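Following: one structure in structure tokens, then a few remarks.
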Amino acid sequence: MTRPGFVLEVDERTPPLLVHRGEGFGVQRFPLGTRVVYPPDSLPALPDVRGSIRHAIMNPLGSEPLPELLRPGMRLTIAFDDISLPLPPMNPPDVRQLVLEEVLELAARRGVEDVELLVANSLHRRMTGKEIEAVVGERVFRSFWPESLRNFDAEDPGGLTYIGQTDKGEDVEISRRAAESDLLVYVNINLVAMDGGHKSVPVGLGSYRSLRHHHNVNTMLHSRSYMDPPSSALHGSAARMGRLLADHLRIFTIETTLNNETFPREFGFLNRREWEWSLRDQAGYLAAKKANDAAPGRIRREVFRRIRAPYGVTGVHAGETEAVHEQTLANVHRQQKVEVSGQSDIMVVGLPYICPYNVNSIMNPILVMCLGLGYFFNMYVGRPLVRPGGALILCHPVPWEFHTVHHPSYVDFFEEVLAETTDPSQIESKFEEQYATDPWYVHLYRNSHAYHGVHPFYMWYWGAHALDHLGDVIFVGGDRRAVRRMGFRAASTFADALEMARERVGSSPTITYLHSPPLALAEVR
């Protein structure tokens with residue numbers, strides 16, 4: 001029987017709790033009375049994923065079945081989520097591969113010959129051929145790469161089409177290939193409530209000209225939270241763009257959801273609650289921690305890079321975007337939502353080794369900030385887990401380290417921009433355009449595997465809501481120089497961090513520990 005998520009109150013019988021610390025982990029005793037928010041058990045996986053995909057595309061929501069939309073002589077484009085999802089990457093076959101194979105087989109039977117596949121990487125880095133093959137599978141890769149299977153290029157002036165403006169004056173500019181197709185099929189993985197829906201096409205296939213309308217400080221400040229689309233100005237803007245696109249382009253959306261089976265067997269203890277650890281789990285934890293602590297950083301990173309999650313697919317829905325996404329969100333909520341009563345003075349989060357923007361790469365300090373203040377702070381519906389003016393304690397070493405191929409503009413942002421100011425609004429007004437239009441950054445984005453020059457700005461803006469809400473941010477174990485450069489405080493130990501936070505929030509604070517991953521979405525009442 002699948003148990004829902006629940007909130008545990010720490011007492012004398014509670015064992016030390018597992019805490020992620022980047023490319024490391026350990027156990028930590030929490031003060032008595034600390035609330036611990038645990039995710040629900042993993043939902044059961046669909047017994048026949050291919051059968052579920054076929055059923056979804058033959059019985060879509062708000063649309064004709066996919067075969068009725070396919071015909072000889074048409075132009076078909078299939079776009080799919082990039083390497084930023086899911087986290088960690090899933091055991092093969094990736095569910096996107098299964099969906100693509102079904103759609104392509106159906107298109108071939110219907111006589112469709114003009115078919116192209118696009119990685120919806122937006123302003124993210126281009127995926128390598130090997131990375132794309134891991135998503136689409138060998139058969140699709142061999143058949144289409146590289147002529148008809150490629151990364152989207154948001155800086156190709158000949159590869160973009162301007163659609164128009166929304167009723168709020170937002171420019172909509174997307175891939176020319178997609179815009180001029182008779183049908184665009186979008187294949188999605190919805191790992192969290194922020195993903196999917198109208199956010200897929202206008203963002204994944206959009207240019208900087210479009211993204212600047214919702215990836216900005218004002219929009220982020222009015223997104224409460226990113227995981228609660230009705231309360232998110234980001235999603236409101238993307239929805240307006242998506243509806244405008246729907247008037248110009250036929251879009252058939254296929255969305256999939258996954259359960260919480262995040263770690264493979266050798267790290268299975270990370271999936272389970274501590275007091276339920278078997279002797280095998282305890283031995284696995286001790287062995288893994290000992291080996292991890294003794295390994296050089298390069299080896300630790302490589303071990304974690306190789307992790308593939310044994311996710312189960314919990315749902316497949318297809319058809320009109322909004323009708324599909326309503327069902328998708330319901331699935332995500334069933335897997336992740338936990339009811340929590342009231343806010344706390346202090347919120348504690350252990351940050352894992354991976355985020356959407358360091359897959360096969362390095363978690364640099366800006367990405368650590370975005371993961372903690374942009375993603376985990378916003379894992380709520382209703383109200384944040386921490387009260388206004390409260391403290392956020394994040395556990396991560398925050399190394400001053402960058403992947404110079406993937407994140408060249410991050411290096412300059414960290415060393416030049418943050419050295420002058422950490423205020424998101426000042427950063428936006430003074431520096432964004434320079435980085436967004438810099439010819440060298442554009443060249444690296446288009447011809448290497450670099451994130452767009454503006455991308456570190458978006459990561460900083462992602463934390464704007466948290467920065468506006470919180471009174472203190474403390475990193476446990478963080479490199480003091482790196483933490484100070486970002487305008488935060490560092491503590492050597494968790495006990496020190498609690499003492500520092502008490503100086504700001506009071507001597508007897510309430511504390512909530514968001515126990516993640518696996519992912520939990522707090523519904524704070």
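Every read-out reported here was derived from the displayed coordinates using simple, explicitly stated rules and does not represent laboratory data. Values in this document were obtained by computation on a predicted structure and should not be read as measured data. Every residue, glycine among them, receives a Cβ derived from its backbone with ideal geometry; neighbour counts consider all protein chains shown.
A few notes on this one:
- Between the range 263-319 and the range 379-426, the alpha-carbon center distance in angstrom: 26 Å
- Between the range 192-230 and the range 343-358, the Cα center-to-center distance that results, in Å: 20 Å
- Under the simplified labelling scheme, the Arg176-Thr421 pair shows an inter-label distance of 3.8 nm, with each label point 7 Å from Cα along Cα→Cβ.
- Considering only alpha-carbon pairs that sit under 8 angstrom and 6 or more positions apart, the relative contact order computed for the chain is 21 percent.
- Whole-number D in µm² s⁻¹ for the range 49-258, Kirkwood Cα-pair radius fed into Stokes-Einstein, 20 °C, 1.002 mPa s: 123 µm²/s
- Using alpha-carbon coordinates, inclination of helix 494-505 to the longest axis of the chain, degrees: 90 degrees
- Dipole of the range 49-258 [Lys/Arg +1, Asp/Glu -1 at C-beta], most positive-end residue of Gly159, Thr257, Leu244: Thr257
- Listed peptides 258-269, 438-449, 513-524 by packing density, highest first (mean Cβ within 10 Å): 513-524, 258-269, 438-449
- Normalising the Debye intensity of the range 206-272 to I(0), with uniform scatterers on Cα atoms only, and taking log10 at q = 0.16, 0.29 Å⁻¹ returns -0.75, -1.20.
- Bridges between two residues of the chain, per DSSP, are antiparallel at a rate of about 30%.
- Counting Cα-Cα pairs of the range 245-337 in 10 Å increments starting at 0 gives whole-percent bin shares of 14, 29, 25, 19, 11, 3.
- Amide H partners (placed H, <5 Å) of Ser223, local residues excluded: Ala233
- Burial ranking of peptide ranges 387-396, 326-335, 458-467, 500-509 (average Cβ count within 10 Å, highest at the top): 458-467, 387-396, 326-335, 500-509
- Model label sites at Glu401 and Arg110, defined 7 Å from Cα along the beta-carbon direction, differ in position by 4.8 nm.
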